[in-house]
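J.: Have a look at this one.
The values are calculated or read from the model by the stated rules, or taken from the named source; none is laboratory data. Here the structure is a predicted model, which is why all the values come from computation and not from measurement. Note: ideal-geometry Cβ built from the backbone for every residue, glycine included; neighbour counts use all protein chains shown.
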Amino acid sequence: MYFDTHAHYDDRAFDADREALLQGLGEGAVKLIIDPGCDVLSSRKALELAERFDFVYAAVGLHPEELDKYSPESFEEICSMARHPRCVAIGEIGLDYYWDASHKEEQKALFRRQIELALELDKPVIVHDREAHGDCLEIVRDYPGLRGVFHCYSGSAEMAKELLKLGWYLGFDGPVTYKNARKALEVLELCPMDRMLMETDSPYLSPVPMRGKRNDSSNLKYVAEKIAQVKGISPEQAAAITLENGCRLFGIERA
Ligand code: NI
């Protein structure tokens with residue numbers, strides 16, 4: 001039974017078959033899904049899906065790539081949606097210097113405001129960190145009570161050790177199956193079993209052998225196989241462990 005802790009079913013890539021796809025997933029091996037929003041609209045859509053499907057939960061937040069959509073009004077809306085009982089985290093939030101390295105201070109300020117919202121509501125965060133490892137680490141260090149996951153972790157082994165010491169979880173996605181995955185596999189190897197989460201980032205990051213196609217949660221089996229191989233456990237154990245970890249971090253009661 002799988003828990004996909006990061007899948008964007010609100011994305012327009014699913015417009016044609018969203019209902020049928022989610023219905024099918026719900027009848028299969030995928031037990032739980034978190035759909036993180038990236039702006040007001042996608043956060044609202046994620047919450048709507050979470051209201052309709054009992055195995056789907058939402059996270060709400062402003063993604064650093066959506067920095068230009070920030071306004072006092074949009075932030076207010078995120079704050080009010082964040083209180084929804086089906087919203088289990090603030091995300092995805094963070095820093096992306098690959099996308100835009102010219103507004104670092106604005107990105108950092110928005111990241112901090114949303115971390116403070118998470119702390120106020122006692123909810124974990126889902127962090128997007130792309131080519132901003134040092135600044136992300138520096139910021140999360142400032143908030144000792146903060147819990148969460150570095151989604152699709154792409155930093156160094158040293159930084160992973162730091163984050164683990166601080167109590168963070170690390171998310172592993174399709175890229176662990178790629179040929180050039182040396183660094184991600186090194187991190188997977190050192191990550192304690194009780195801190196790893198399994199994600200797809202659907203519709204993106206399809207694992208081998210589905211690379212290049214639209215991703216969905218049923219492809220978690222390929223990520224599970226890789227985790228199992230690295231950790232010396234069975235894919236079923238990898239699925240069960242990450243399901244339990246996800247429920248613990250996001251405060252979801254298991255049925
Ligand atoms: Ni994502």
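J.: Filter region 1-39 down to residues that are within 16 Å of the ligand (Cβ to nearest atom) and among the hydrophobic types (A, V, I, L, M, F, W, C) and give me whichever is nearest to A224 (Cα to Cα).
T.: Looking at residues that are within 16 Å of the ligand (Cβ to nearest atom) and among the hydrophobic types (A, V, I, L, M, F, W, C), I get F3.
J.: Ok, one more. Tell me which of these D96 doesn't satisfy, since it passes every other one: (1) over 24 Å from E131 (Cα atoms); (2) within 15 Å of the ligand (Cβ to nearest atom); (3) of a type outside the set (V, I, T).
T.: Among (1) over 24 Å from E131 (Cα atoms); (2) within 15 Å of the ligand (Cβ to nearest atom); (3) of a type outside the set (V, I, T), the lone unmet condition for D96 is (1).
J.: Does any residue of region 141-149 turn out to be surrounded by 15 or more Cβ atoms within 10 Å (Cβ to Cβ), among the basic types (K, R), in contact with a strand residue (DSSP E or B) (Cβ under 9 Å, 6 or more places away or on another chain) and more than 21 Å from V88 (Cα to Cα)? Walk me through how you get there before you give the answer.
T.: If we filter region 141-149 for residues that are surrounded by 15 or more Cβ atoms within 10 Å (Cβ to Cβ), which is where we start, we get 143, 146-149.
Those still in the list that are among the basic types (K, R) too: 147.
Okay, now just the ones that are also in contact with a strand residue (DSSP E or B) (Cβ under 9 Å, 6 or more places away or on another chain), so 147.
Now narrow it down to the ones that are more than 21 Å from V88 (Cα to Cα): none.
Within region 141-149, none of the residues are surrounded by 15 or more Cβ atoms within 10 Å (Cβ to Cβ), among the basic types (K, R), in contact with a strand residue (DSSP E or B) (Cβ under 9 Å, 6 or more places away or on another chain) and more than 21 Å from V88 (Cα to Cα).
J.: Next question. Scan region 115-134 residue by residue and report those that are buried (at least 17 other Cβ atoms within 10 Å of the Cβ), more than 15 Å from the chain's Cα centre (by Cα) and within 16 Å of the ligand (Cβ to nearest atom).
T.: The answer is A132, and nothing else.
J.: Based on what the data block shows, is L137 crowded, with 17+ Cβ neighbours inside 10 Å and not hydroxyl-bearing (S, T, Y)?
T.: Working: crowded, with 17+ Cβ neighbours inside 10 Å: yes; not hydroxyl-bearing (S, T, Y): yes.
In short, yes.
J.: Related question: Which condition number does E73 fail, the rest of (1) within 16 Å of the ligand (Cβ to nearest atom); (2) modelled with pLDDT of 95 or more being met?
T.: Exception for E73: condition (1).
J.: In region 10-65, which residues are charged (D, E, K, R), touching a Lys or Arg at 6+ places or on another chain (Cβ under 8 Å) and over 18 Å from R214 (Cβ atoms)?
T.: D39, E51
J.: Yes or no: L21 surrounded by fewer than 23 Cβ atoms within 10 Å (Cβ to Cβ) and either without any contact (Cβ under 8 Å) to a residue 40 or more places away in the chain or over 20 Å from F111 (Cβ atoms) (or both)?
T.: Details: surrounded by fewer than 23 Cβ atoms within 10 Å (Cβ to Cβ): yes; either without any contact (Cβ under 8 Å) to a residue 40 or more places away in the chain or over 20 Å from F111 (Cβ atoms) (or both): yes.
Yes: the conditions hold for L21.
J.: Restricting region 141-198 to residues that are touching a His at 6+ places or on another chain (Cβ under 6 Å) and farther than 23 Å from K31 by Cα, which is farthest from the ligand (Cβ to nearest atom)?
T.: The first filter runs over region 141-198 and keeps only residues touching a His at 6+ places or on another chain (Cβ under 6 Å), leaving 151, 155, 159, 171.
Retained after the next criterion (residues that are farther than 23 Å from K31 by Cα): 155, 159.
On the way: G155: 16, M159: 20 Å.
The selected residue is M159.
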